[in-house]
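Derivation of every value follows stated rules applied to the coordinates shown; laboratory data play no part. The model shown is predicted, which means the values in this text are computed figures rather than measured ones. Every residue, glycine among them, receives a Cβ derived from its backbone with ideal geometry; neighbour counts consider all protein chains shown.
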Amino acid sequence: MESVKTLSLLQQRLTHVSGSWSVDEYNSLITFYIRILPRLMEVERCTIFLKEPGAESLLSMHGTGLESNVIEAPLEGSIVGRVIAGGQSVIENNLRVKNGYHHEADEQTGFQSRNTLCTPIHNVSSNKVLGVIQLLNSLGSDFFDGEQQKELEEIAGYLSISIESILLKKKIASIAREFDSEVTRLEFDAVTDGRFIAESPAMREVLDLVLVLRDTPVNVLIQGENGTGKELVAKMIHENAGKDGRPFIPVNCACLPEALVESEFFGHEKGAFTGADRSRKGRFEEAKGGVLFLDEIGEMPLIVQPKFLRAIQEQEGSRLGSSDIIPYDVRLISATNRNLAKEVEKGRFREDLFFRIFSVEIEIPPLRERKEDILPLALSFLEDTNRKFKKNVAGFSPDLLALLEEYPWPGNVRQLLKEVERLVALTKDNLIMEVETCSRELLAFSRSNYVGDAAAASDGYSLPDQVTALEKRLIHKAMKKAAGNKTQAAGLLHITRQGLLKKIKRYELML
């Protein structure tokens, strides 16, 4: 944990420094040079062109008299283009007349140029050209000379350092934001043994919310399908609160017999009912000062909900067989795979209890909606399972990785873990895991959706089989790109919607 504290301190300093820089520094710097250079170099006008990567022309809004105009100079055929290409200063003392103007930019500004001095702005670290400073019409004489060129090249050097400093600051600010994300991840790894995978934006939002809740002891409701990791998130909220030694007491409300629910939560005294041969603390007492985690709270029997409501509201209660009041001091974190609001509407959950069990709600998306997490999770499970089974399976085949990413995972993270354990168990050491070793569910999905190249390869040279496999694959890709919209998918495939429906039925595709 010491390394986490050190990184957090560095993170705070970096964020503070990056936050002190003005967003307008870049424009302010260029404007400053535009303002002082005409006076310093005794010229009528000054323009600064900055190169855009990949662009075929140079745009400048930074120049004398360009408050509302933009000068565009092509890279080919212009003086500034020659300076960019050659990396050397150029002096033109007798500009040729073209269409009544002496300079390619004069037609855009209405200004007439007699002579010009252009100097490149070099990148300090790589010596590449960042842009050009252009001076127009020397006031001291009718021409620019080598001394003025030398002075402007020196000024361009200082401008280059300033520009790179600002660009570097922007890069550091970007690194600071990335660093903040990495420190956050390290903090969570420290309390979850690195098992919490949050590569997807959806899980990043969950992670950010957990960080906020660690310092705010409100009751929380975690919602999500079975197997999404609701208990892990609850433990993270508890463990990140920095209260070492405080209890975390989990209770699965779906597994408690209705007759024992009240005794389970509130405890009982000896002789309170048949079989109560000794006194016993309830879960509220055991969780004192910590967290009571109620998994599947939607399954709590209605008969016990009124007393449960009072215990939460008053933070006190009494054991069965006793009138003594016991203070609780418990933070409640609940989880469910049901829509509790609908359960209230149907009369299966008390409305007053619904509003008492949580102040903040966390929605954990199913694995199929956060595909970025699938492969990192699979790799983490492979490492853990190799260690657990004392094996050394090398990894996943490309076809298998493609299948894992495409499969919808109705059982979520729990099903993915089970699948990886199966694959490791059935694969010899130092070999990679293949699609053929997957469970029936994944094999059926692979065959009907043509995921990866394994199906085609197994069919040899049979042209009809290859055509069928290709059609399945293209239909699957089109449906995925069209987000399940069959009309759009048919358009991508250049067939009618009716034709697509016939093929889906013929191939028994699971889309």
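What FRET efficiency comes out for E421 versus L375 if R0 is 22 angstrom and r is the Cβ-Cβ distance? Round to the nearest 0.05. Mind dumping the intermediate values first?
Working: r = 17 Å, r/R0 = 0.76.
Efficiency for this residue pair is about 0.85.
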Label model pair L470, N127: point-to-point distance (7 angstrom along the Cα→beta-carbon line) in nm is 5.3
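Summing Lys, Arg as +1 and Asp, Glu as -1, what charge do residues with Cβ under 9 Å from the Cβ of N412 carry, N412 excluded? Write out the running numbers ahead of the final one.
On the way: positive: R368, R414; negative: E225.
Charge balance near N412 sits at +1.
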For G131, list long-range residues whose amide hydrogen, built 1.01 Å from N in the peptide plane, is under 5 Å from its own amide hydrogen.
K51, I121
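If R0 is 51 Å, what FRET efficiency do you get for K270 and E405 from their C-beta distance, rounded to 0.05? Show your work: numbers first, answer last.
Values: r = 57 Å, r/R0 = 1.12.
Between K270 and E405 the formula returns 0.35.
Find how much the distance from K477 to K346 grows on full extension, using 0.36 nm per residue of separation minus their present alpha carbon separation; answer in nm with one decimal. Please list the in-between numbers first.
Values: separation 131, 0.36 × 131 = 47.16 nm, distance 4.07 nm.
This chain segment gains 43.1 nm when fully extended.
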Run the simple label-point estimate for V212 and E147 please: 7 Å along Cα→C-beta, distance reported in nm.
6.6
Roughly speaking, what is the stretch gain from N93 to L320, that is 0.36 nm per residue apart minus the C-alpha to C-alpha distance, in nm to one decimal?
71.4 nm
